[in-house]
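Laboratory data are not the source of any read-out in this text; all were calculated from the coordinates shown. Here the structure is a predicted model, which means the values were calculated and not measured. Here the Cβ positions follow ideal geometry from the backbone for every residue, glycine too, while neighbour counts run over all protein chains shown.
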Amino acid sequence: MPGYWIVKGGAVRDQAAFEEYVKRWGPVAERFGARILNAGGRLDAREGAWGRVVLVEFSSFEQAVACYEDEDYQASLPFAHKAFERDLAIVEGT
């Protein structure tokens, strides 16, 4: 079954940090076969506080977890956290 990252994020507050995060994310995403299904497209939030939503698909839940735990991805997180506030969950598809 596929695995997904669901990222709920706010507006970009530091463009340079965001660009550095994106630059570092690219090679990691390629290595883990990540496929971005949504990157801030239209959103109709019916409940709760939502901002930008990013949905990333992996071949499995385990692959999604391994990508997050990857040393190179972990090194990119300070840039992500400086760039924007966000919440991230890893879920298994059905």
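Loop-located GluC sites (Glu not before Pro) across region 6-66 with a Cβ neighbour count of 12 or fewer within 10 Å are Glu47, with loop assigned by DSSP.
Full extension of the chain segment joining Asp44 with Ala11 gains 10.3 nm, where the gain is 0.36 nm per residue of separation less the Cα-Cα distance. When only Cα pairs below 8 angstrom with a gap of at least 6 residues are kept, the chain shows a relative contact order of 54 percent. Basic side chains Lys and Arg get +1 at the Cβ, acidic Asp and Glu get -1 at the Cβ, and with that the dipole of the chain about its Cα centre reaches some 380 debye.
Under a Gaussian network description of the chain, with springs only between Cα atoms under 10 Å, the residue in Leu43, Leu77, Leu55 that fluctuates furthest is Leu43. Residues in region 18-28 carry Karplus couplings, in order, of 4, 5, 5, 4, 4, 4, 6, 5, x, x, 5 Hz; the curve used is 6.51 cos²θ - 1.76 cosθ + 1.60 with θ = phi - 60°, and Gly or Pro positions show x. Sequence-ordered 3J(HN,Hα) estimates for region 61-75 from the Karplus curve with 6.51, -1.76 and 1.60 and θ = phi - 60° stand at 4, 4, 5, 5, 5, 4, 4, 4, 7, 4, 4, 5, 5, 4, 5 Hz, glycine and proline given as x. The trypsin sites (Lys or Arg not before Pro) of region 29-68 meeting both criteria, a DSSP state outside H, G, I, E and B (loop) and at most 12 other C-beta atoms within 10 angstrom of the site's C-beta, are Arg42, Arg46.
Phi angles of region 35-48 translate, via the Karplus equation with coefficients 6.51, -1.76, 1.60 and θ = phi - 60°, into HN-Hα couplings of 10, 7, 8, 8, 9, x, x, 3, 9, 10, 7, 8, 9, x Hz per residue; Gly and Pro are given as x. Positive end of the dipole of the chain (Cβ unit charges, origin at the Cα centre): among Pro2, Val28, Gly41, the Cα lying farthest that way belongs to Gly41. Here is the list for region 63-93: GluC sites (Glu not before Pro) lying in DSSP coil, each with at most 15 other C-beta atoms within 10 angstrom of its C-beta, are Glu85.
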